[in-house]
Amino acid sequence: MSRGPGGTWDDGIRMSRALVLALGLLAAACGGAADETTTGASDGGVETASAFEMRVEIPQTDDMVDTAEYRTDPPWTIGYSDALLSNSARVFTNQFAMWAASEYPQIEEITRTDASDSPEKQVSDIEDLLVQGVDCLIVAATSEEAIDPAIEQAMAEGVPVVIQERDVTTEEFVSHINIRLDDLGRIQAERAAEMLGGEGQVVLLEGVAGSASELSRRAHEEVLAQHPGIEVLAMEYTGYSRDEGKTIMENWLQAYDQIDAVIADSGIQQQGAYEAVAEAGRLDEVTVWTGDGLQAWIRQVHENDIPAIIVNRPLTFGALAVDACAAILSGTPVPKVWYDPVEELDTENLEEYIAPDVPGSDEWWNWWELPEAWLPES
């Protein structure tokens with residue numbers, strides 16, 4: 001069960017809201033404070049006090065969206081149409097979203113739905129959230145095209161939509177919070193080429209065919225193509241499976257006498273690949289490994305002193321999607337595309353990124369950016 005400080009997600013958010021209401025009423029009774037502004041429902045209900053303040057700095061880009069038409073008085077309700085919650089990355093994305101919501105006293109509630117990776121269910125989920133009257137809608141899409149009509153319906157009804165990471169083909173949204181997977185792949189490949197001295201035989205273990213992970217795959221191939229001394233022996237998709245990574249690597253070890261580097265966009269498949277190489281007794285041969293910030297892979301690299309390049313895959317875009325909704329509902333301009341940057345971890349000081357040894361922590365992602373009280377329970 002996911003939790004917030006002192007209870008469930010809804011408990012934590014509603015408690016924060018109740019505290020703000022109490023403080024607002026106390027301030028009003030005492031004549032208010034100089035730095036507070038008072039807003040309230042147009043029907044003359046109880047007013048709430050608290051000056052709006054962004055949790056993060058909004059990046060300024062060449063394509064900023066004027067959000068004045070969406071400005072509305074708090075309290076705000078945010079709908080969060082999630083694709084699924086069946087893998088650890090989506091769990092952490094959700095944790096970041098709920099934490100960010102708790103940081104805004106203006107957000108009364110965030111209502112999350114789980115489409116279980118079904119476009120049909122997600123369309124229904126979005127329709128239900130619109131009926132509930134949410135003020136802003138976050139969408140982590142199950143499909144690039146299938147839910148476009150539901151997104152466009154929300155925008156047509158005046159509900160601003162924030163796309164969270166997963167691509168859609170429609171342009172009818174206010175802001176898209178994303179990470180540059182091409183940057184992730186580029187950094188991995190550039191550093192691998194550097195560690196290889198521009199020469200060697202490499203294999204590529206990629207994510208899912210036809211998905212956003214194609215961006216990192218293309219970056220791998222484009223960078224390596226700039227080094228004539230590097231030969232790409234093979235490329236396979238793993239579906240982000242540790243077992244599949246191991247099986248594919250076992251086949252490659254049979255097919256190739258020399259493999260100098262195993263380049264993968266994630267540490268998920270690398271765990272299996274490393275196990276296959278270890279069982280074959282060929283660890284000394286592979287001098288470069290890549291991966292991302294999956295805690296299990298970070299621990300494996302640290303414990304076995306693996307010569308690895310780790311580029312963190314930030315899941316803080318979960319929080320940034322909530323930040324975007326808060327900005328939009330306050331009438332603050334936001335970028336049409338808001339990127340959460342990726343960065344290489346310092347493997348010389350990898351102990352800084354080792355999570356507490358608690359059940360389930362192998363499946364944690366960039367946990368160091370999430371307050372301890374919001375880390376998921378096993």
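The values are calculated or read from the model by the stated rules, or taken from the named source; none is laboratory data. Just so we're clear, the structure is a prediction, and the values are computed from it rather than from any experiment. Note: ideal-geometry Cβ built from the backbone for every residue, glycine included; neighbour counts use all protein chains shown. Calculation scope for accessible area: heavy atoms of the full protein, side chains included, ligands and nucleic acids excluded. Shrake-Rupley method; radii C 1.70, N 1.55, O 1.52, S 1.80 Å.
On a per residue basis, the convex hull of the C-alpha atoms belonging to region 111-246 measures out at 122 Å³. Every Cα-Cα pair in region 116-192 was counted, and those over 15 Å apart are 56% of them. The length gained on full extension between residue 172 and residue 336, counted as 0.36 nm times the residue separation minus their Cα-Cα distance, comes to 58.0 nm. Here region 232-378 was treated as a single set of alpha-carbon atoms; its pair distances binned every 5 Å from 0 give 2, 9, 17, 18, 16, 13, 10, 7, 4, 2, 1, 1, 0 percent.
Could you work out how far helix 88-102 tilts from the main Cα principal axis of the chain, as a 0 to 90 degree angle to the nearest 10? The answer is roughly 30 degrees.
Looking only at region 62-76, which residues have a backbone nitrogen under 19 Å from a spot 7 Å from the Cα of residue 156 in the C-beta direction? Correct set: none at all.
Taking 97, 278, 321 as the candidate residues, the one with maximal mean-square fluctuation in a Gaussian network model of the chain, Cα springs under 10 Å, is 278. The calculated pair-distance distribution of the chain uses every alpha carbon pair, bins of 20 angstrom beginning at 0, and gives 27, 51, 19, 2 percent. Between the helical axis of 295-304 and the dominant principal axis of the chain, each derived from Cα atoms, what acute angle in degrees is found, rounded to the nearest 10? It works out to around 40 degrees.
Surface composition of region 280-378: carbon and sulfur atoms hold 45% of the protein heavy-atom accessible area at a 1.4 Å probe.
Return one number: the angle in degrees, 0 to 90 and rounded to the nearest 10, between the long axis of the Cα atoms of helix 267-279 and the longest principal axis of the Cα atoms of the chain. Taking Cα atoms only, the helix is inclined about 20 degrees. The GluC sites (Glu not before Pro) of region 80-151 meeting both criteria, a DSSP state outside H, G, I, E and B (loop) and at most 15 other C-beta atoms within 10 angstrom of the site's C-beta, are 145. Note on residue 256 and residue 127: the extension gain reaches 41.2 nm, defined as 0.36 nm multiplied by sequence separation minus the Cα-Cα distance.
A Förster radius of 25 Å combined with the Cβ-Cβ distance from residue 208 to residue 280 puts the calculated FRET efficiency at roughly 0.45. Taking springs between alpha-carbon atoms closer than 10 angstrom, which of 101, 234, 89 fluctuates most in the Gaussian network model of the chain? Most flexible of the set in this elastic network: 234.
Once the chain from residue 304 to residue 232 is taken as fully extended at 0.36 nm per residue, the excess over their C-alpha distance is 23.3 nm. The C-alpha atoms of region 251-329 occupy a region whose extents along the principal axes are 59, 26, 16 Å, arranged from largest to smallest. The orientation-averaged projected area of the convex hull spanned by the Cα atoms of region 162-319 comes to 9.5 nm². Peptide packing for 218-227, 293-302 was compared via the average number of neighbouring C-beta atoms within 10 Å per residue; ordered from the highest value, the list is 293-302, 218-227. Working note: Karplus 6.51/-1.76/1.60 with θ = phi - 60° gives region 326-339 the couplings 4, 4, 4, 6, 8, x, 8, x, 10, x, 4, 10, 10, 8 Hz, where Gly and Pro are set to x. Comparing mean-square fluctuations of 253, 320, 205 from a GNM of the chain with C-alpha springs under 10 Å, the top value falls on 253. Think of it as helices only: each DSSP H run of n ≥ 4 in the chain is worth -39500 (n - 2.57), and spread over all residues that comes to -11500 deg cm²/dmol at 222 nm.
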